[in-house]
Amino acid sequence: MSFNPETPYNDLPVLPPNTEIENRQVLKRAIAAHQTLAELKGFCATLADESMLLNSVVLKEAQASSEIENIITTQDALYRALAVKAENAAPETKEVLSYRKAMWSGMKLLETKGLLTINDIIAIQQEIVGNTAGIRTMPGTVLRNDATQRTIYTPPDEESTIRQLLGNLQTYWNTSDSTDPLVKMAVSHYQFESIHPFYDGNGRTGRILNVLYLVKERLLPSPVLYLSEYIIDRKGRYYSLLQQVRTDANWRDWVLFMLDAVEATARRTLSLIDAILRLLEETLEQAKASLPKTSYSKELIEMIFNQPYTKIEHVVDRGLAERRTASKYLQQLEDAGILESFKAWKETIYVNRRLFDLLKE
Ligand SMILES: Nc1ncnc2c1ncn2[C@@H]1O[C@H](COP(=O)(O)OP(=O)(O)OP(=O)(O)O)[C@@H](O)[C@H]1O
Ligand SMILES: [Mg+2]
């Protein structure tokens, strides 16, 4: 079948691919990726409160993933929005927050059903782009090379074809077979991006689906992997490998790329979590040593690790103290050099600077 970048690819082959992908090299790298993922999963299982790290990691993923479309948000603006009011945030900050919300909605759907359907994917995409346009019904969507503006790919443009292809992908995604799940994740991602079912948000939706797939396959306990950063850092290669599947049926290099992405990111996530935990330990020690005995609370310290920006209200909401005491506690943490404060919209925001710096790296 000849492929022409200028004509809608309504002949996109259905899954599974009709070639053998899993040669020795692929399987070897899949094993390496599985080992690192297992380590990450094991590490998460030892944590008393997984939600603390999850918040940070998902936020990092949301930010990284949103940057592929140049939604550059500073970490600072992001945390400000979280601590103060998301409604006041700049549009790009809101995009990152939508991404995070979409990831959580997807998780909920997955948890209740154990699988994701086309409608679930549409729901995830709607949260990302903030409109209800849904699956493309009008022709005209093309992918261009940013620099040259040449058309590199024209996705299928018949709604019925798009729906059929999505149905096929849904079956592939939700049926276990003898193919390695990490290979299936890579294959699914290629297929989803090639179907390109939406007018916009296909990249972000696809990247959320990657992480959700790992959760579905029980390779991760929760979306505790910021996989998008790897892809964004290698955007040119990512695009060109997607393209090579199409032009040269070069599945292997594409799959190897995604296997490396999983391995490298799992390793980075592990060391991030490790660094956060070590900082938490240090901070607990420091607080114990410098705060009056009556003010020291392990829960309070853990709370300022939930997200880098905290305010009095958060302490109150957690039931750790009433307002006046909460305010005193945070002030004492600032005096001890553990928090820094600034004012925003008449509120005092307390920053866990060292955590903030860790997440920024
Ligand atoms: N040659 C290609 N073949 C298949 N898919 C491609 C190709 N080039 C880009 N893509 C996919 O299209 C996505 C962009 O599509 P779209 O603009 O709808 O998504 P987005 O989420 O808004 O953007 P982004 O992924 O840039 O954040 C890319 O992330 C990539 O996954
Ligand atoms: Mg876009």
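Screening Gln307 with (1) polar (S, T, N, Q); (2) surrounded by 20 or more Cβ atoms within 10 Å (Cβ to Cβ); (3) in a helix (DSSP H, G or I) gives one miss only, at (3).
Given the residues Arg246, Arg267, Arg278, which is the only one that is farther than 23 Å from Leu97 by Cβ, surrounded by fewer than 19 Cβ atoms within 10 Å (Cβ to Cβ) and not assigned by TED's automatic domain parsing to the domain that holds Thr161?
On the way: Arg246 fails: not assigned by TED's automatic domain parsing to the domain that holds Thr161; Arg267 fails: not assigned by TED's automatic domain parsing to the domain that holds Thr161.
Going through Arg246, Arg267, Arg278 in turn, just one is farther than 23 Å from Leu97 by Cβ, surrounded by fewer than 19 Cβ atoms within 10 Å (Cβ to Cβ) and not assigned by TED's automatic domain parsing to the domain that holds Thr161: Arg278.
The conditions of being of a type in the set (Asp, Glu) and over 30 Å from Val183 (Cβ atoms) are not met by Glu229. Residues that are closer than 15 Å to Leu259 by Cα and within 16 Å of ligand 2 (Cβ to nearest atom) within region 190-231 comprise Arg207, Ser228, Ile231, listed in sequence order. So, Asp157, is that one modelled with pLDDT of 95 or more, near ligand 1 (Cβ under 8 Å from one of its atoms), assigned to a loop (DSSP other than H, G, I, E, B) and over 16 Å from Val245 (Cβ atoms) or not? Against the criterion (modelled with pLDDT of 95 or more, near ligand 1 (Cβ under 8 Å from one of its atoms), assigned to a loop (DSSP other than H, G, I, E, B) and over 16 Å from Val245 (Cβ atoms)), Asp157 does not qualify. Looking across region 304-350, the residues that are of a type in the set (A, V, I, L, M) and at pLDDT below 90 come down to Ala344, Ile349. Filtering region 265-290 to residues that are of a type in the set (A, V, I, L, M), touching a helix residue (DSSP H, G or I) at 6+ places or on another chain (Cβ under 6 Å) and under 30 Å from Val187 (Cβ atoms) leaves Ala266, Leu270, Ile273.
The values are calculated or read from the model by the stated rules, or taken from the named source; none is laboratory data. Every value quoted in this text rests on a predicted model; they were computed, and no experiment measured them. Methodologically, a virtual Cβ is constructed for each residue, glycine included, from the backbone with ideal geometry; neighbour enumeration extends over all protein chains shown.
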